[in-house]
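Structure, as structure tokens:
The values are calculated or read from the model by the stated rules, or taken from the named source; none is laboratory data. In this text the structure is predicted, and so the values were computed from the model without any measurement. We place every Cβ from the backbone using ideal geometry, glycine too, and count neighbours over all the protein chains shown. Surface areas here come from the heavy atoms of the whole protein model, side chains and all, with no ligands, DNA or RNA. Shrake-Rupley method; radii C 1.70, N 1.55, O 1.52, S 1.80 Å.
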Amino acid sequence: MKSSQNKKRKAPPKSNGDVNYKNQVKQMFSDWFKNHNRVGYVMSKQDIVRNIITKLTSKQENSLEIAIKELNKDGYIELQEDGLTLVLTQKGVNDFKKMSF
């Protein structure tokens with residue numbers, strides 16, 4: 001008989017609210033890049049603070065890192081080594097114009 005200590009615990013499911021907050025943050029990045037719609041355009045740490053972080057609710061703040069990682073993973077932006085400088089890709093130029101999260 002297996003003890004209950006050996007069972008793996010599942011992470012709690014993401015709520016629709018968590019996904020919604022993440023998508024709101026992704027939309028903020030998308031909107032900013034729509035106004036700076038050139039391949040290679042850089043969003044600096046100062047731009048992130050001024051245009052994104054200062055406008056986030058506490059629940060959106062919890063989704064900030066996840067949103068950046070997803071935008072990077074999906075190919076819309078490149079994340080520089082410092083982890084806080086974002087560079088718009090060709091896919092971002094093409095898709096941010098016509099998408100909403």
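What percentage of the solvent-accessible surface of segment 17-101, computed with a 1.4 Å probe over protein heavy atoms, is contributed by carbon and sulfur atoms?
Looking at segment 17-101 in its full context, I get 46 percent from C and S.
Among 40-53, 82-95, 18-31, what's the highest-first ranking by average C-beta atoms within 10 angstrom per residue?
Top to bottom by mean Cβ count within 10 Å: 18-31, 82-95, 40-53.
Over the Cα atoms of segment 45-101, what Rg and Dmax result, in angstrom?
11.6, 31
Compute the distance in nm between two label points, each set 7 Å from the Cα along the Cα-to-Cβ direction, one at ASN20 and one at GLN80.
3.5 nm
Over segment 28-101, give the accessible area per residue in Å² for a 1.4 Å probe, as an integer.
60 Å²
Working with all protein chains in place, sort ILE66, ILE77 by solvent-accessible area computed with a 1.4 Å probe, largest first.
ILE66, ILE77
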